[in-house]
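Written out below as structure tokens is the structure these notes cover.
The values are calculated or read from the model by the stated rules, or taken from the named source; none is laboratory data. Worth saying up front: this structure is predicted, and the values here are computed from it rather than measured. No Cβ is skipped: glycine too gets one built from the backbone with ideal geometry, and neighbour counts run over all protein chains shown.
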Amino acid sequence: MPVKLSPRQRSYIRKKTTAGHVDPSEMVGELNIIPFLDIVVNLIMFLLATTEAVLLISQIESNLPKISRGRSKSNEVETPLNLNVTVTSGGVIVTGSGGKLASGCEAIETGGAVTVPRKQDKSYDWPALTGCVGKVKAQFEDEDTVTVSADPQIEYEHVVAAMDAVRRNEENELFPRVLISVGVR
């Protein structure tokens with residue numbers, strides 16, 4: 001048996017069941033991304049603040065090579081040493097204006113020879129590198145600059161260890177001005 005509703009009850013039900021006014025953005029089907037943007041902005045501010053704190057803690061003092069234009073005014077230009085130390089997966093290569101140093105740091109060699117090869121346990125021989133650049137320093141006492149580079153797959157800690165090895169030995173400074181370069185061979 002159907003239930004009879006009064007006109008007042010019908011009006012009440014009609015009013016409650018009709019859709020209200022819809023927001024224009026909901027009619028088109030767009031998403032409200034304002035809460036998402038609030039979260040992203042907060043994350044970016046947090047990451048920037050964190051990065052700034054980390055950069056203040058970990059700083060390595062180094063100088064980039066200088067590029068100059070023009071010619072030298074002196075006719076008696078001495079060839080600079082241009083000492084380069086390259087850390088590779090096979091060991092450390094030491095080169096200069098005269099060429100690449102052979103293993104043992106006594107002679108100049110051509111080809112793909114490694115100056116200071118890695119040890120049997122695959123660790124780098126940093127004391128041998130210090131001794132090698134010490135021999136170079138004995139011949140070029142006025143030089144104080146070395147450029148350190150590495151192959152792309154070399155871990156950063158090995159580059160820093162190479163920088164420390166060429167700066168000084170136990171007695172005195174060897175090459176205190178260390179420049180960093182891209183590892184291109």
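Some notes on this structure:
- Residues of segment 87-104 satisfying the condition of being touching a Leu at 6+ places or on another chain (Cβ under 9 Å) and assigned to a loop (DSSP other than H, G, I, E, B): S97, G98
- Residues of segment 7-60 satisfying the condition of being over 30 Å from V160 (Cβ atoms), under 53 Å from the mean Cα position of the chain (by Cα), modelled with pLDDT under 75 and not in a helix (DSSP H, G or I): V22, D23, G29, E30
- Complete set of residues in segment 136-159 that are assigned to a helix (DSSP H, G or I) and exposed (fewer than 15 other Cβ atoms within 10 Å of the Cβ): A138, Q139, Y156, E157
- V159 being touching a helix residue (DSSP H, G or I) at 6+ places or on another chain (Cβ under 7 Å) and under 25 Å from K66 (Cβ atoms): no
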